[in-house]
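The values are calculated or read from the model by the stated rules, or taken from the named source; none is laboratory data. Just so you know, these numbers come straight off a predicted model, no measurement behind them. Ideal geometry is used to build each Cβ from the backbone, glycine not excepted, and the neighbour counts take in all protein chains shown. The accessibility values were calculated without ligands, DNA or RNA, using every heavy atom of the protein model including side chains. Shrake-Rupley method; radii C 1.70, N 1.55, O 1.52, S 1.80 Å.
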Amino acid sequence: INHAESLSYREALPVPANPVEVHDLGTEINQLLQSLNEQALRDHQFVSDASHELRTPLTAIRGHISLIKRRGDQHPEIIPKSLKFIDNESERMQKMVESLLRLSRMDHVSIEMNYVDVNQIVQDTIDNYQPNISQPIHADMATKVMMATVNTDSLQQILIALLNNANKYSPADAPITVTTSMVHGAPTIQIADLGAGISDDDKAHIFERFYRVDQARSQKIPGTGLGLAIVERLVHLNQAEISVTDHQPHGTSFNIKLSVNHSEKTSE
Ligand code: ADP
């Protein structure tokens, strides 16, 4: 092709109307691939964490079964202790599997949000929960009606999980305080206990799946390390925010900032 021909040949090529768009598309594809990669990595991590957490109690259960098989006949006194261990650990595994299923289902759900009276939901949840524990729950409710846009069921689940933890991780006679108030214009719920508290290092991790502070593990307080991961997911689905702070003079305080989405008011 001579020079003139080459020029006209080039001119005949479809030139993108806007070259910037092509560049953006490339960036978008890259971002998409990167997020798919990250998702695949997260899935891989999830499966590997879950397998590890389930394998530990399973190995211990199998150890006790083998012990009973080998020595049960000659030493029947070991049987009740081993059976108790198997019972406890299999129950913990069951809870873990149920929590894992809940977590994985939550990846694909959208929830119905309504414009509701938060004080009412909080008070009802406390009234239903209090008979389960001897520890007193003090309710310090905002005097005015406090409306927010939430899914009632999931807000109840969040509150129950946090009350459960406050109960597990603080002394049996130390009250738990639930406060509702408007903070900088946002309806906020605080659940505070007078337990040992959580160090700043641990605070950064407690919402991660399977994370348990050493103290919880060493004192053999039952748990799976999945409760707060579920809470965080539910909070996110409700377009709310959760934070953890120290409760003075000691203890822990979980704060949930709810959203008020006025377009949802129609489903009042
Ligand atoms: P778990 O099943 O272990 O209770 P969670 O996900 O609910 O799992 O909590 C993660 C960890 O955070 C717990 O193991 C515990 O170490 C710590 N934690 C949670 N709530 C409290 C609290 N109110 N006070 C002190 N530590 C807490």
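Residues considered: Asn119, Asn164. Of these, the only one that is among the polar types (S, T, N, Q) and closer than 18 Å to Pro222 by Cβ is Asn164.
Looking at segment 180-196, is at least one residue farther than 25 Å from Val118 by Cβ and open to solvent by 20 Å² or more (accessible area, probe 1.4 Å)? Scanning segment 180-196 turns up at least one residue that is farther than 25 Å from Val118 by Cβ and open to solvent by 20 Å² or more (accessible area, probe 1.4 Å).
I need the full set of residues from segment 219-241 which are within 16 Å of Gly197 (Cβ to Cβ) and without any contact (Cβ under 8 Å) to a residue 40 or more places away in the chain, in order please. Selection gives Gln219 alone.
Select from segment 137-175 the residues that are in contact with a Gly (Cβ under 9 Å, 6 or more places away or on another chain) and not in a helix (DSSP H, G or I) and write down the one among them that is nearest to Gly227 (Cα to Cα).
Among those residues, the one meeting the criterion is Tyr169.
Step by step: first the residues of segment 247-258, then only those that are among the polar types (S, T, N, Q) and within 14 Å of the ligand (Cβ to nearest atom), then the one that is surrounded by the most Cβ atoms within 10 Å (Cβ to Cβ). Which residue is that? Of everything passing the filter in segment 247-258, Thr252 is surrounded by the most Cβ atoms within 10 Å (Cβ to Cβ).
Of the residues that make up segment 239-246, is at least one crowded, with 17+ Cβ neighbours inside 10 Å, within 14 Å of the ligand (Cβ to nearest atom), among the small types (Gly, Ala, Ser) and within 29 Å of Thr149 (Cβ to Cβ)? The answer is no; no qualifying residue exists.
For segment 82-116, a residue qualifies if it is open to solvent by 50 Å² or more (accessible area, probe 1.4 Å), under 28 Å from Ala186 (Cα atoms) and either at pLDDT 95 or above or not in a helix (DSSP H, G or I) (or both), and the qualifying residues are Val109, Ser110, Ile111, Glu112. Evaluation of Asn128 against the conditions (1) open to solvent by 80 Å² or more (accessible area, probe 1.4 Å); (2) modelled with pLDDT of 95 or more; (3) not in a helix (DSSP H, G or I) shows that the sole unmet condition is (3).
Please find, within segment 124-166, the residue that is farthest from Ile189 (Cα to Cα) out of those that are touching a Ser or Thr at 6+ places or on another chain (Cβ under 9 Å) and of a type outside the set (A, V, I, L, M, F, W, C). Across segment 124-166, the extreme among qualifying residues is Gln135.
Residues that are closer than 30 Å to Val47 by Cβ, of a type in the set (Gly, Ala, Ser) and at pLDDT 95 or above: does segment 177-198 have at least one?
Checked against the condition, which is being closer than 30 Å to Val47 by Cβ, of a type in the set (Gly, Ala, Ser) and at pLDDT 95 or above, segment 177-198 yields no hits at all.
Residue count for segment 159-179 satisfying the condition of being open to solvent by 20 Å² or more (accessible area, probe 1.4 Å) and either of a type in the set (A, V, I, L, M) or within 19 Å of Asn128 (Cα to Cα) (or both): 10. For first residues located in segment 156-172 and within 19 Å of Arg212 (Cβ to Cβ), partners that are open to solvent by 50 Å² or more (accessible area, probe 1.4 Å) and near the ligand (Cβ under 7 Å from one of its atoms) and lie 6+ apart or on another chain with Cβ distances below 7 Å form the pairs Tyr169/Ala196. Find the residue count for segment 139-165, including only residues that are more than 19 Å from Glu241 (Cα to Cα) and within 20 Å of the chain's Cα centre (by Cα). Going through segment 139-165 one residue at a time, the tally reaches 1.
Right, Leu67: modelled with pLDDT under 90 and either out of contact with any Cys (no Cβ under 9 Å at 6 or more places or on another chain) or surrounded by 11 or more Cβ atoms within 10 Å (Cβ to Cβ) (or both) or not?
no
If you filter segment 196-238 down to residues that are near the ligand (Cβ under 9 Å from one of its atoms) and among the hydroxyl-bearing types (Ser, Thr, Tyr), you find that the one that is nearest to Leu100 (Cα to Cα) is Thr224.
Within segment 35-47, no residue that is aliphatic (A, V, I, L, M) sits with its Cβ atom under 6 Å from a residue that is modelled with pLDDT of 85 or more at 6+ positions apart or across chains.
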